[in-house]
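Since the structure comes first, as structure tokens, the remarks are kept for the end.
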Amino acid sequence: MAEELIPLCNAPDLLDSGDAVPFDVIYHGQTCRAFAVRHAGKAHAYLNRCSHVPMEMDYQPNRFFDSSGNWLICATHGAMYSPSTGACIGGPCRGGLVKIALSEFDGVVHWHTAHNLKPIEF
Ligand code: FES
């Protein structure tokens, strides 16, 4: 299946180091939550699944940034990740976050499907 671009949100919905926009995907055949954030002006998206224990990470709905606004933090045991790469930068993580490619054009953020990443069919 060719890669598709799925509209996710309007570009102004993602504020720098602000709240995430959640979305759902099918990853390896399973429905998973995902989220998009903006950091240093650029939008990024990841599965909402900590690499320590596969749990959702937000400590309040759609809140992933730590108080500095520089890192994504898991609410459960404090694993910290780079918002631009998803790489682990501290805490008990075992590898990085699963990154979802985004494109931003015409004022809209889109996510990219992949061989293991598909949209939810309604
Ligand atoms: S589940 Fe995220 S740090 Fe443990």
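The values are calculated or read from the model by the stated rules, or taken from the named source; none is laboratory data. As the structure is a prediction and not an experimental result, all values here were calculated from the model. Every residue, glycine as well, gets a Cβ built from its backbone with ideal geometry; the counts of neighbours run over all protein chains shown. We work out accessible area using only protein heavy atoms, side chains counted, and drop any ligands, DNA or RNA first. Shrake-Rupley method; radii C 1.70, N 1.55, O 1.52, S 1.80 Å.
Values as computed for the structure displayed
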quantity	calculated
Among the candidates Y59, Y46, residue that is open to solvent by 40 Å² or more (accessible area, probe 1.4 Å), among the hydroxyl-bearing types (S, T, Y) and within 16 Å of the ligand (Cβ to nearest atom)	Y59
Odd one out for P54, checked against (1) at pLDDT 95 or above; (2) under 15 Å from the mean Cα position of the chain (by Cα)	(1)
Residue under evaluation V109, criteria (1) modelled with pLDDT of 95 or more; (2) farther than 13 Å from F35 by Cα; (3) open to solvent by less than 40 Å² (accessible area, probe 1.4 Å); (4) over 12 Å from the mean Cα position of the chain (by Cα), criterion not met	(2)
Unmet requirement for A101, which otherwise passes all of (1) more than 16 Å from the ligand (Cβ to nearest atom); (2) over 15 Å from P22 (Cα atoms)	(2)
Every residue from region 65-94 that is part of a loop (DSSP other than H, G, I, E, B), more than 18 Å from S17 (Cβ to Cβ) and either open to solvent by 40 Å² or more (accessible area, probe 1.4 Å) or more than 16 Å from the ligand (Cβ to nearest atom) (or both)	T76, H77, G91, P92, R94
A34 out of contact with any helix residue (DSSP H, G or I) (no Cβ under 7 Å at 6 or more places or on another chain) and not in a loop (DSSP other than H, G, I, E, B)	yes
Scope region 18-29; condition within 17 Å of M57 (Cβ to Cβ) and not aliphatic (A, V, I, L, M); matching residues	G18, D19, P22, F23, D24, Y27
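Here is a yes/no grid of residues against (1) touching a residue at least 24 places away in the same chain (Cβ under 8 Å); (2) of a type outside the set (A, V, I, L, M, F, W, C):
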| site | (1), (2) |
| --- | --- |
| N48 | yes, yes |
| D58 | yes, yes |
| R63 | yes, yes |
| I73 | no, no |
| S82 | no, yes |
| P92 | yes, yes |
| S103 | yes, yes |
| H112 | yes, yes |
| P119 | yes, yes |
